Amino acid sequence: MNMIAVDDERLALQDLEGKIKSVAPYSALACFSLAADALEYARSTNVDVAFLDIEMADMTGLSLALKLKELNPKTNIIFVTAYSDYMGNALSMHVSGYILKPATTEAILRELENLRHSPVHASSGNRVRLKCFGAFEVFVDGEPFIFNRSKSKELLAYLADRRGEGVSASEIGSVLWEEKNYTRSVQKQVQTIISLMMKALREAGVEDIIVKRRNYLALDVSKVDCDYYSFLRGDTASLNMFFGEYMSNYSWAEITTAQLFYIQLQEQ
């Protein structure tokens, strides 16, 4: 499920983002402080659910909701506002929900469980989508992809971080087992994890995202969609999706996180 959250108050947006992620951890969530950026994002991405503040500087949430509905009549609009005065207008627009601030996880979950329109995903060019902002997650055909071994998922995350650059078995060992020397035991573990990752991708029919040669492994970046890559291309929507967390489940990602901070500061 693809969702957006829009609020021009940064702290309120961060709070809403955290609560939405806590009740829908496997859904895609893009957050925006400018309504115009959210609208630009919606022009290229099918949005199932939109959490919108109403009183915003560049565009009211009511106006944004109408424009989102023009792009996709099946988008579920959920207003999140400090004011009850707009409830009549919201109901006349046949929105999916109305939450009074401060939003609670209970209220968000209730609205997501009672959406007016069932999410229907439009097909996209690439079957695999990687979410790097926040915790690393993998989606295949819009559904969360679960690895049997956490190290297999971490290996794919590291390949995504390398952005198509090939890595060797010894490099994989030094990253995934950073506390150990590259002994024969670690070497065998690396080969096992590579095999398990490839097996999982092969069973899903997406093994072609990996370029594999003797002692060489890389991600074919042309065959995946990724928020990190969109960010590096200067995509406005992706720049606004980064709130300081990148692959937060892996300590080795801290170097890239610092680089993203620097790029974001240069863009402001």
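The values are calculated or read from the model by the stated rules, or taken from the named source; none is laboratory data. In this text the structure is predicted, and so the values were computed from the model without any measurement. Cβ: placed from backbone, ideal geometry, glycine included. Neighbour counts: every protein chain shown. The accessibility values were calculated without ligands, DNA or RNA, using every heavy atom of the protein model including side chains. Shrake-Rupley method; radii C 1.70, N 1.55, O 1.52, S 1.80 Å.
Here the Karplus curve 6.51 cos²θ - 1.76 cosθ + 1.60, taken at θ = phi - 60°, turns the phi angles of region 50-55 into couplings of 10, 8, 10, 6, 9, 8 Hz, with x standing for Gly and Pro.
Remark: region 107-117, residue by residue, has Karplus-estimated 3J(HN,Hα) of 5, 5, 4, 4, 5, 5, 7, 10, 5, 5, 10 Hz, where x stands for each Gly or Pro and the curve is 6.51 cos²θ - 1.76 cosθ + 1.60 at θ = phi - 60°. Positive end of the dipole of the chain (Cβ unit charges, origin at the Cα centre): among 181, 44, 209, the Cα lying farthest that way belongs to 181.
Given a cut-off of 22 Å, name the pairs among 153/188; 19/151; 21/223; 131/188; 19/67 whose C-alpha atoms lie farther apart than that in the structure shown. Beyond 22 Å between Cα atoms: 19/151; 21/223; 131/188; 19/67.
Taken about its Cα centre, region 1-78 carries a charge dipole of roughly 360 debye when the Cβ of each Lys and Arg holds +1 and the Cβ of each Asp and Glu holds -1.
Taking all protein chains as they are arranged and a probe of 1.4 Å, the heavy atoms of residue 87 leave approximately 70 Å² accessible to solvent. Each eigenvalue of the Cα gyration tensor of region 124-255, multiplied by 5 and square-rooted, gives one semi-axis; in descending order these are 24, 17, 13 Å. In the chain, taking the dipole from charged Cβ atoms about the Cα centre, the farthest positive-side position among 57, 234, 82 is held by 234.
How large is the charge dipole for region 141-205, taken about the Cα centre, if only the Cβ atoms of Lys, Arg (+1) and Asp, Glu (-1) carry charge, to the nearest 20 debye?
Roughly 300 debye, rounded to the nearest 20.
Compared with the direct C-alpha span, the chain from residue 168 to residue 252 gains 28.6 nm at full extension, assuming 0.36 nm per residue. Contact order, relative form, for the chain: 17 percent (alpha carbon pairs under 8 Å, 6 or more residues apart, mean separation divided by residue count).
At a Förster radius of 30 Å, what calculated FRET efficiency corresponds to the Cβ-Cβ distance of residue 243 and residue 87, to the nearest 0.05? Computed FRET efficiency for residue 243 and residue 87: 0.50. If you fit an axis through the alpha-carbon atoms of helix 35-44 and take the longest principal axis of the Cα set of the chain, what angle between them do you get, 0 to 90°, nearest 10? So the helix axis and the longest Cα principal axis differ by about 60 degrees. So if I place +1 on the C-beta of Lys and Arg and -1 on the C-beta of Asp and Glu, and nothing else carries charge, what would the dipole magnitude of the chain be about its Cα centre? I want it in debye, nearest 20. The calculation lands at about 1300 debye. Amide hydrogen proximity for residue 225: with H placed 1.01 Å from N in the peptide plane, the residues at 5 or more positions away or on another chain lying under 5 Å are 128, 129, 130. The length gained on full extension between residue 14 and residue 216, counted as 0.36 nm times the residue separation minus their Cα-Cα distance, comes to 68.8 nm. The fraction of accessible area contributed by carbon and sulfur in region 12-58 is 49 percent, rounded to a whole number (1.4 Å probe; ligands and nucleic acids excluded).
Its alpha carbons considered, region 14-163 gives a radius of gyration followed by a Dmax of 16.6, 51 Å.
Of the residues 130, 232, 39, the one that moves most in a GNM of the chain with alpha-carbon contacts below 10 Å is 232.
Per residue, the chain exposes an accessible area of 50 Å² to a 1.4 Å probe, with every protein chain left in place. Loop-located trypsin sites (Lys or Arg not before Pro) in region 177-268 (DSSP state not H, G, I, E or B) with no more than 15 neighbouring Cβ atoms inside 10 Å: 180, 214, 233. Computed extension length for residue 149-residue 114: 9.2 nm, one decimal, from 0.36 nm per residue of separation with the Cα-Cα distance subtracted.
For region 86-183, a Kirkwood radius taken over Cα pairs fed into Stokes-Einstein (20 °C, viscosity 1.002 mPa s) yields D = 121 µm²/s. Averaging the sequence gap over all C-alpha pairs within less than 8 Å and six or more residues apart, then dividing by the number of residues, gives region 43-191 a relative contact order of 13 percent.
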